[in-house]
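A quick write-up on the structure given underneath.
Throughout, read-outs are computed from the coordinates displayed, never taken from laboratory work. Keep in mind that what you see is a predicted model, and the values were worked out from it rather than measured. FYI the Cβ positions are ideal-geometry reconstructions off the backbone, even for glycines, and counts take in every protein chain you see.
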Amino acid sequence: MTIVPVKDSWKNGTLLTRERYLDWYRRSVEDVEGFWREHGRRISWIKPYTVVKNTSFQPGAVSIKWFEDGTLNLSANCLDRHLETRGDQTAIIWEGDDPEDSRRITYRELHADVCRMANVYKSLGVGRGDRISIYMPMIPEAAVAMLASARVGAIHSVVFGGFSPDALAGRMEGSTSKLLVTADEGLRAGRKVPLKANGDRAIEISAKAGHQVEKVLVVRRTGADVPMVEGRDHWWHEERERVSTVSEPEEMGAEDPLFILYTSGSTGKPKGVLHTTGGYLVWASMTHQYVFDYREGEVFWCTADVGWVTGHTYSVYGPLANGGTTVMFEGVPNYPDAGRMWEVVDKHAVNIFYTAPTAIRALMGAGDGFVARASRKSLRLLGSVGEPINPEAWNWYYRTVGEERLPIVDTWWQTETGGILMTPLPGATDLKPGSAAIPFFSVKPELVDGEGKTLYGAADGNLCITDSWPGQMRTVYGDHERFEQTYFSTYPGKYFTGDGARRDEDGYWWITGRVDDVINVSGHRMGTAEVESALVSHPKVSEAAVVGYPHDVKGQGIYCYVTLMNGEAPSDDLKQELVRHVRNEIGPIASPDKIQWAPGLPKTRSGKIMRRILRKIAEDDFGALGDTSTLADPAVVDDLVENRQNRK
Ligand code: 6R9
């Protein structure tokens with residue numbers, strides 16, 4: 001296996017040398033409180049904390065609190081405290097979908113707009129503790145809406161603009177949002193996305209389910225003529241003129257909720273992951289600085305949409321907390337063509353570029369010519385996140401994009417973890433393609449086998465984390481029991497990540513992928529249960545089972561086994577109708593890649609679908625179906641295998 005040793009140029013001027021990492025890591029686990037008592041001060045507190053850590057992973061008593069008696073305001077940390085030293089520095093570089101469209105916003109301007117939006121929120125009757133759903137394109141106003149929410153002490157729930165009205169409705173109901181912030185339309189690859197219309201529809205759906213969203217704030221993006229409901233809907237550009245640019249930030253407790261972000265799990269509806277203010281911000285700012293070795297004045301570009309946790313922590317909060325310059329990109333990697341990313345890198349002199357393997361694979365497929373068209377000379381560091389990166393994609397990223405001069409940080413983390421937990425550190429770690437390398441400060445990973453027995457040395461197993469870190473989620477919004485059940489009951493006393501991992505003989509960590517019923521499609525988490533419930537909500541479908549299968553670009557594709565109602569005839573038209581149906585129910589990211597008609601599904605005698613077998617069939621791995629003797633009707637497997645083979 002190849003190892004890329006740390007280059008001298010990566011060590012040059014780095015904050016974390018190998019010695020310092022080892023020294024700090026040791027202290028961060030041996031004297032957790034002392035370590036964070038010191039590093040918690042990197043952000044500004046209104047009232048300093050005296051208590052650092054108060055956490056328990058014990059089943060029945062899971063409770064996570066960091067810096068609990070401190071008070072602060074997150075937007076003041078990201079804005080106000082920078083005004084004196086860097087008011088005129090660019091905070092956000094916005095790059096529109098159209099290559100002609102871009103904007104630079106200084107800290108002073110961003111601060112003024114956030115204050116205005118905070119004042120608009122207040123005028124709409126929204127404040128401390130209220131929930132705000134944000135359904136926006138990647139425009140600066142999305143960040144403004146988030147920061148303004150934090151400023152008034154509200155709790156935001158950002159919903160990815162690619163989600164359907166149904167999905168948005170479920171999230172607005174789940175969080176009982178009072179306000180929806182949206183735009184007239186979004187713009188992606190030249191195509192318009194009817195955000196306001198979707199929002200209207202979602203509000204109707206929620207109202208039927210008994211939840212009334214009271215107000216809608218609409219940002220004008222494309223200028224489309226969208227209907228406005230008198231008394232309920234307000235234009236941001238009009239309200240903005242009526243309010244002042246002064247807004248006192250609310251003094252919040254460290255453990256006051258900051259945001260809810262819905263994410264897919266192995267069962268049931270998406271969970272509202274809740275993050276609070278103090279610990280999250282410390283973690284966001286600390287990881288952003290050290291993992292990316294972020295240096296004063298650098299331009300940082302995380303390509304993630306703010307609809308995902310990566311967009312929260314590394315497009316908005318981490319870089320702004322550190323007084324950095326962050327790029328927000330509205331478009332997609334292959335529009336107008338596959339050279340767009342590298343063009344943007346040159347255009348805005350990007351120093352750090354952080355993206356997902358799925359994008360890397362797609363661009364790799366488009367050929368090296370697009371990369372060569374740009375100089376990329378500003379780049380100093382590359383990052384990867386969202387799914388395991390295969391060695392081929394890693395090597396292309398390293399050789400072709402980075403010309404073997406840039407380190408790659410392959411960062412492993414989750415919505416639940418708030419920020420990066422495992423990663424190489426550019427000036428300290430030799431790189432192994434595909435390995436997330438080593439744990440960040442205070443992160444204590446552990447491998448356990450199926451019975452929960454701890455594995456030592458080089459081993460393969462289920463990845464747990466045995467103690468808390470400041471950025472950890474605090475609860476599932478409104479359902480603490482589900483929080484304990486999902487993360488702390490499988491291996492009592494440990495946080496179970498849902499991922500499998502391997503630790504090699506050098507102590508490097510390799511994430512092998514989800515071991516639960518979550519699939520990772522283009523770096524986005526999708527619960528197989530969600531897609532199944534969308535499929536069975538179609539009148540012609542009686543049953544469905546969904547599994548992931550290897551996909552060249554997306555990492556995993558969505559493979560659906562569908563049993564039709566008695567008397568319904570399978571057809572290609574019906575397959576297309578089902579694809580459309582799932583897109584309407586959830587959104588385009590949940591589009592089934594393959595549908596296979598299944599006269600029956602392999603089930604145990606107790607009625608449990610044996611997904612293990614379905615995964616093997618989807619992977620064309622018929623030799624490894626394993627024991628089918630516990631099935632209620634082993635013959636269904638033969639049927640499925642035969643259908644699968646005939647399809648070719
Ligand atoms: C940040 C984010 C989390 C799941 C996680 C894992 C996978 C993320 C990874 C990775 C291998 C990496 N994942 N980063 N797998 N290597 N560097 O992606 O959050 O959307 O919640 O997904 O993504 O399976 O459990 P989220």
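Details
- Rounded if a/c under 1.5, otherwise prolate or oblate - segment 230-360, Cα gyration tensor axes: rounded
- Sparse-neighbour loop sites [trypsin sites (Lys or Arg not before Pro); segment 184-287; at most 16 other C-beta within 10 Å; DSSP]: 220, 232
- Here residue 208 is the anchor, and the lysines within straight C-alpha reach of less than 24 Å, apart from those fewer than 8 places off in the same chain, are 178, 196, 269, 271.
- With both residues required to sit in the chain, DSSP beta bridges show an antiparallel share near 60%.
- Long-range amide H partners of residue 610 with built H, under 5 Å: 603, 604
- Panel order for 296, 38, 446, 530, by other beta carbons found within 10 Å of each beta carbon, from fewest to most: 296, 38, 446, 530.
- Stokes-Einstein D (µm²/s) once Rh is taken as the Kirkwood radius of segment 169-228 over alpha-carbon pairs, at 20 °C in 1.002 mPa s: 180 µm²/s
- With a cut-off of 9 Å between beta carbons, the residues surrounding residue 57 carry a summed charge of 0, where Lys and Arg count +1 and Asp and Glu -1.
- Within segment 104-253, percent of DSSP bridges classed antiparallel, to nearest 5: 15 percent
- Farthest towards the positive end of the charge dipole of the chain, among the residues 367, 551, 396, is the Cα of 396, using unit charges on the Cβ of Lys, Arg, Asp and Glu.
- Distance violations [Cα-Cα > 19 Å] among 53/494; 432/494; 53/444; 11/347: 432/494; 11/347
- For residue 183, distant residues with modelled amide H under 5 Å away: 196, 219
- Under the convention that each Lys and Arg Cβ holds +1 and each Asp and Glu Cβ holds -1, the size of the dipole of segment 1-130 around its Cα centre is about 520 debye.
- Around residue 436: net Lys/Arg minus Asp/Glu count, Cβ-Cβ under 14 Å: -3
- Under-5 Å amide H pairs with residue 557, H placed in peptide plane, nonlocal only: 549, 551
- Residue-by-residue Karplus 3J(HN,Hα) for segment 3-18, coefficients 6.51, -1.76, 1.60, Hz, glycine and proline x: 10, 9, x, 4, 8, 4, 5, 6, 7, 3, x, 6, 7, 10, 6, 4
- Exposure proxy ranking, count of Cβ atoms within 10 Å, fewest first, for 378, 244, 28: 244, 378, 28
- Judged by the gyration tensor of its Cα atoms, with axes a ≥ b ≥ c, segment 465-528 is oblate; a/c meets the 1.5 cut and b/c is at least as large as a/b.
- For the chain, Kirkwood radius (reciprocal of mean inverse C-alpha pair distance, Å): 25.5 Å
- Averaging 1/r across all pairs of distinct Cα atoms in segment 514-643 and inverting the result yields a Kirkwood radius of 14.9 Å.
- Shape call, segment 104-168: gyration tensor on alpha carbons, a/c limit 1.5: oblate
- Within the same chain, lysines fewer than 8 places from residue 575 are excluded, and of the rest, those with a Cα less than 21 Å from its Cα are 540, 554, 594, 648.
- D by Stokes-Einstein for segment 141-277, Kirkwood Rh over Cα pairs, 37 °C, 0.692 mPa s: 205 µm²/s.
- Rounded to 5, the percent of DSSP beta bridges in segment 514-643 classed as antiparallel: 80 percent
- With eigenvalues of the C-alpha gyration tensor scaled by 5 and rooted, segment 1-110, Å: 33, 27, 17
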